[in-house]
1. Might you let me know whether segment 37-55 holds any residue that is touching a residue at least 60 places away in the same chain (Cβ under 8 Å), within 13 Å of the chain's Cα centre (by Cα), crowded, with 18+ Cβ neighbours inside 10 Å and not in a helix (DSSP H, G or I)?
2. Report, ordered by the first and then the second residue, all pairs with beta carbons closer than 8 Å, sequence separation of six or more or different chains, a first member in segment 94-120 that is without any contact (Cβ under 8 Å) to a residue 24 or more places away in the chain, and a second member that is polar (S, T, N, Q) and in a helix (DSSP H, G or I).
3. Please determine whether any residue of segment 26-35 is under 23 Å from residue 8 (Cβ atoms), open to solvent by less than 20 Å² (accessible area, probe 1.4 Å), at pLDDT 95 or above and among the acidic types (Asp, Glu).
4. Suppose the filter is over 27 Å from residue 8 (Cα atoms), of a type in the set (A, V, I, L, M, F, W, C) and either modelled with pLDDT under 95 or surrounded by 18 or more Cβ atoms within 10 Å (Cβ to Cβ) (or both); does residue 85 pass it?
5. Within segment 24-42, identify whether any single residue is of a type in the set (Lys, Arg) and within 18 Å of residue 111 (Cα to Cα), and answer yes or no.
6. Given the criteria in a strand (DSSP E or B) and acidic (Asp, Glu), does residue 16 qualify?
7. Does residue 91 meet the test of being touching a helix residue (DSSP H, G or I) at 6+ places or on another chain (Cβ under 6 Å) and either without any contact (Cβ under 8 Å) to a residue 12 or more places away in the chain or surrounded by fewer than 20 Cβ atoms within 10 Å (Cβ to Cβ) (or both)?
8. Of everything in segment 121-131, what is without any contact (Cβ under 8 Å) to a residue 12 or more places away in the chain and not in a loop (DSSP other than H, G, I, E, B)? Give them in sequence order.
Amino acid sequence: MPDTNKEPKKLLLVDDDEFLLDMYSMKFREANFSIDIASSGSTALEKMKNNTYDVVLLDIVMPSMDGFEVLAELKKNNLLGKAIIIVLSNLGQKEDIERGIQLGATDYVIKAHFTPREVVEKVQYQLSRKK
């Protein structure tokens, strides 16, 4: 049961799939998160430069600027330490996971292996570790 007395955690959801954005937005709102969405890597970077988020869920495969490029830019501009960044992708090769972690992601979640509810639980777990 979500704790509605606490201030909602701010989450930026980055994915170019509108269906997934809607589905994850609904699940995270049910868990008392404040949601912002970005459908491209460049939009995500702009939002992260101008806002603070507790968590960023970042897809890798996106047009024009992929999630790895977003992570590299965040690292280059010292914007990594401000949020927990969790890659949420269908790219599940060992090399992809290692690359995401090396670029600064806290965790790497393969979409096909987790239900939306389990993704919410993973995010809540990472937030509980940060305290």
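1. yes
2. Pairs that qualify, where the first residue is without any contact (Cβ under 8 Å) to a residue 24 or more places away in the chain and the partner is polar (S, T, N, Q) and in a helix (DSSP H, G or I), are 106/126; 107/126.
3. Looking through segment 26-35, none of the residues is under 23 Å from residue 8 (Cβ atoms), open to solvent by less than 20 Å² (accessible area, probe 1.4 Å), at pLDDT 95 or above and among the acidic types (Asp, Glu).
4. No; evaluated as a whole, the condition is false for this residue.
5. Yes - at least one qualifying residue is present in segment 24-42.
6. Considered against the rule, which asks whether it is in a strand (DSSP E or B) and acidic (Asp, Glu), residue 16 comes out as no.
7. When the stated conditions are applied, residue 91 does not pass them.
8. Selection gives 121, 125, 128, 129.
The values are calculated or read from the model by the stated rules, or taken from the named source; none is laboratory data. Bear in mind that the values here come from a model prediction, so they are computed numbers and not experimental data. Heads up, the Cβs are rebuilt from the backbone with ideal geometry, glycines too, and the neighbour counts pull from every protein chain shown. Only protein heavy atoms, including side chains, enter the accessible area calculation; ligands, DNA and RNA are left aside. Shrake-Rupley method; radii C 1.70, N 1.55, O 1.52, S 1.80 Å.
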